[in-house]
Amino acid sequence: MPDLRELYQEVILEHSKAPRNYRELETANHRAQGYNPLCGDHFTVYLDLEGDSIRDISFQGSGCAISQASASLMTQSVKKKRAATRCVLYGCESTDHAESGL
């Protein structure tokens, strides 16, 4: 397990120091904001959806290393995917994307 733990720490540190897709997305047609009052994390996620596809995604905000890295990893994992695929991977409240906001 030490090797896996070291890899996890490396990935978190890498993404927290140089987050991917950290910018305001000028072409965004959807936006969501989140704030955690317990720790002070505050993020905005920007989506550029074209039909059922996530054409581009980005985020901005502030928070701890783990939240920065998580947002960075999330944007990498869903970019260029169909919204339905994202729902399979991460769950959706509704499979009707018009209702779920996707």
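Site pair LEU38 and LYS80 shows an inter-label distance of 3.6 nm when each label is modelled 7 Å from Cα along Cα→Cβ. Residues HIS15, HIS30 in ascending order of nearby Cβ atoms (within 10 Å, fewest first): HIS30, HIS15. Under the combined filter of DSSP loop state and at most 15 neighbouring Cβ atoms within 10 Å, the range 1-38 retains these GluC sites (Glu not before Pro): GLU24, GLU26.
Each value in this text was obtained by applying a stated rule to the coordinates, not by laboratory testing. Only a predicted model underlies this, so the values are computations on that prediction, with no experimental measurement involved. Heads up, the Cβs are rebuilt from the backbone with ideal geometry, glycines too, and the neighbour counts pull from every protein chain shown.
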